[in-house]
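A short reminder: the numbers here are calculations on the coordinates, not readings from a lab. Being a predicted model, the structure only gives us computed values, none of them experimental. Neighbour counts run over all protein chains shown; Cβ positions are idealised from the backbone, glycine included.
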C-alpha cells in the first residue's frame, strides 16, 4: 500500500545500511526520497539503483546543512518526513578514550542531529514526522561504549523535548532504537568476517529471537512512524531489538 504518496522525505546517512533500507522502504510506499551522505559515489549509486535523490552533505558542518536546506527548498519545497539516521559508532574504554574520540562521536551523533533538525524546521510541513535513529546502547551497560551510549541517550532526551516543542505544529517526533543489525557497520569498525561472526554468535544468545535484525526490519518501523498509521504517537521510543533488552539474566 502506497500510503506515503505525495510526501517528501529526507533520510540522512541514506546511502548504506539502515538509512538505505529506510529510503527504499519509504520510496516503495510512494514518497519522494532524498538521501544525504558524505560519499558522493555511494550517493550516485543509490540514485541509480533505487530511484532516490542524493545530496552530498556533512551534518558535522553547519554550512553543509544550510546548503542541504537550500537545495531541498529550491527543488522540492516542503518536507513531510525527516529520518535522522546519520551517525557513527566507535568504542573505547573510559580509561583510555581520547578527546578526539569523544568529540568525533558527539559532533556527528548529537550536535549534527540537533542542528539538522533546527535548520530544517522552516521547510518542514506542519504535521510532519521526525524520526531519530538511536540505539539500545543508550540503555545497556556495554563495555567500551560509554561515549557512543551517551550520544544516543542524549538523542533520546532530544526526542522528548522536540516532541513537546513542536506539538503546536502537529509535528510528531519519535525514536527508533535498534538492537544488533546486520549492516556494514561492523566492517567499518575494523572487524574481520570471523570476528563479526564470533561476535554475532555470542550476542545472538542474548537476543530472544536468536539472530541479528535485518536493515529492512528497522526500515519498516521507520515507515510506520513516518505514516499516518502512527498519527497518535509522539515523544515515544520504539525498541527493535529482538528481545535483547528484556532477556532475563537468569
When both residues are 6+ apart or on different chains and their Cβ atoms are under 6 Å apart, which pairs have a first residue that lies in segment 130-141 and is crowded, with 24+ Cβ neighbours inside 10 Å, and a second that is assigned to a helix (DSSP H, G or I)? 131/222; 131/225; 132/155; 132/159; 134/152; 134/155; 134/156; 135/152
Restricted to segment 5-32, and to residues that are in a loop (DSSP other than H, G, I, E, B) and in contact with a strand residue (DSSP E or B) (Cβ under 7 Å, 6 or more places away or on another chain), which residue is surrounded by the most Cβ atoms within 10 Å (Cβ to Cβ)? 14
The residue that is farthest from the chain's Cα centre (by Cα), considering only those in segment 205-238 that are surrounded by 16 or more Cβ atoms within 10 Å (Cβ to Cβ) and without any contact (Cβ under 8 Å) to a residue 40 or more places away in the chain, is 212
